[in-house]
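In what follows, a single structure is set out as structure tokens and then discussed.
A short reminder: the numbers here are calculations on the coordinates, not readings from a lab. Given the structure is predicted, the values throughout are model-derived calculations rather than measurements. Cβ placement follows ideal geometry from the backbone for every residue including glycine, while neighbour counts extend to all protein chains displayed.
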Amino acid sequence: MQAVLIPAVGWLGARLGTKRLFILSTLVFITGSALCGLAWNVPSLILFRTLQGIGGGPITPLSMSILYSTFPPDKRGLALGLSNFTQSFGPAIAPALGGHLIEVLSWRAIFYVNVPVGLLSAGLVFFTMPNTQDERSSPFDALGVFTMASFLILLLLAVSEGRRYGWGSQMILMLFVASVLSLVVFIVAELKTTQPFVELRLYKNLPFAMGCLIGFVNTMEFRGTNFLLPIMLQRIYHYTPFQAGLFFLPSALVMGITSILAGRLADTFQPKLLLIIGLLGLTCVSFEFCGLDVWATTGLLLGLVVLRRGAQAFCHSPLSSSTLHGVPDDEVRMASGLFNLHRTVGGTMGVALTATLMDYREDVHLLILSQRQALYPLGTEVATDAIRGVLMQDGDSGGTLAQKTAGILRQKLAEEATVAGYHDVFFMFAALTLFSLLPVLLMRGSKPVLPVKVVQKE
């Protein structure tokens with residue numbers, strides 16, 4: 001539901017005004033959060049989470065639109081950098097804060113804490129932001145809304161459930177086919193109407209179109225690594241969940257501070273240059289992750305994660321600035337909605353594909369290692385003798401010795417297969433960032449896309 005509301009900010013903002021829509025979205029989000037805290041069973045919690053998503057969907061694109069419209073062109077990069085700082089610092093402290101609230105109070109507290117923060121945000125906007133005068137009546141594009149919602153819901157459902165039911169299962173394939181058909185109808189309907197629900201003609205602006213593509217791919221990499229790294233720390237390096245959460249706090253702070261720096265540099269230098277630096281940095285760090293083994297030190301892991309987050313910061317603020325550059329002022333709200341929609345869908349697909357690829361490559365490497373055991377039994381015998389010797393020193397003997405030896409050997413085999421699977425996934429991330437360099441090179445200057453005017457014949 002949140003993804004469906006993101007591209008609707010253009011039409012809703014035209015009807016209500018940016019200020020009213022932001023305050024209304026925040027109040028709906030607060031209401032949903034409070035009701036989640038009061039939920040009495042799982043179905044009620046799901047219902048109230050849906051309401052929370054309805055309110056939260058427009059907030060991010062509206063925030064970007066407000067910052068871009070409020071600040072002058074030479075300050076927009078810094079403003080977006082400050083926004084990215086809050087978006088990186090918040091998720092960094094959220095796991096530790098949420099865990100503390102659950103431990104000390106209750107799981108309901110993680111929803112209640114949104115209420116005072118949301119009220120403060122809505123109050124600041126109400127008292128500081130001037131009333132916008134962009135409200136205008138436009139007909140409700142029912143076909144566009146229905147086909148857009150059908151496309152997004154079916155696509156996200158197929159992506160999120162593909163790993164569970166199998167990507168080749170009949171249900172998942174039917175969901176993909178239905179989503180593609182809905183997309184085709186949506187595009188045709190929006191291009192034929194004079195006042196569309198979503199202005200697809202914005203994609204004629206080459207920097208905007210390329211920025212959306214980069215945002216999609218970059219967010220796949222960003223969300224995929226955010227999903228993968230905590231699991232890797234716990235499975236391979238035996239961190240506790242709390243230790244894994246604290247591990248990412250320094251890198252999040254570095255990313256936030258670097259976002260401010262990158263945003264300020266985007267006001268001075270060409271954002272495309274900063275994007276290239278960030279993407280090349282991400283590529284190099286991903287290749288370094290491909291060489292890690294089970295003996296990697298905490299210092300090495302922390303250094304690579306910090307470098308990755310710093311490189312990602314050089315992608316986010318400059319990308320937002322260059323994507324919205326050249327978009328007409330009255331279309332910035334619509335453009336920010338579409339841009340954030342690409343990032344939302346990219347994040348969902350990134351997590352799903354990362355999990356699927358990790359499972360597949362781990363099974364492949366486990367099979368390969370098992371075959372090598374059969375081909376080279378001498379190495380297995382040496383490893384078995386070493387394990388048996390250590391266990392005998394600890395006092396194991398008899399039947400338990402053989403069982404423990406076999407169990408440890410299987411564990412080490414699975415561990416090696418898991419490490420090799422992580423190498424493959426990080427290689428995929430490196431390939432994604434390298435691919436992103438191509439649309440960056442195509443982000444040359446272009447003329448702003450002028451709003452479509454309807455000429456009535458007398």
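What to note about this one:
- Annotation: the residues H316, H365, sorted from fewest to most other C-beta atoms within 10 Å of their own C-beta, follow the order H365, H316.
- Peptides 33-46, 270-283 ranked from most to least packed by the mean count of surrounding Cβ atoms within 10 Å: 270-283, 33-46.
- Using θ = phi - 60° and Karplus 6.51 cos²θ - 1.76 cosθ + 1.60, couplings along segment 152-166 (whole Hz; Gly, Pro as x): 5, 5, 5, 5, 5, 5, 5, 5, 6, 9, x, 5, 6, 9, x
- Fewest-first ranking of C212, C290, C315, using other Cβ atoms within 10 Å as the exposure measure: C290, C212, C315
- Segment V294-Q195, extension gain: residue separation times 0.36 nm, minus the distance between their alpha carbons: 29.9 nm
- Residues in segment 354-367 carry Karplus couplings, in order, of 5, 5, 5, 5, 5, 4, 5, 5, 5, 5, 4, 5, 5, 5 Hz; the curve used is 6.51 cos²θ - 1.76 cosθ + 1.60 with θ = phi - 60°, and Gly or Pro positions show x.
- In whole angstrom, segment 269-345 maps to an equivalent ellipsoid with semi-axes of 33, 13, 9, each derived as √(5λ) from the alpha carbon gyration tensor and ordered largest first.
- A simple spin-label model places the labels of S169 and Q87 3.3 nm from each other, with each point 7 Å out along Cα-to-Cβ.
- Per residue, the convex hull spanned by the Cα atoms of segment 141-196 measures out at 53 cubic angstrom.
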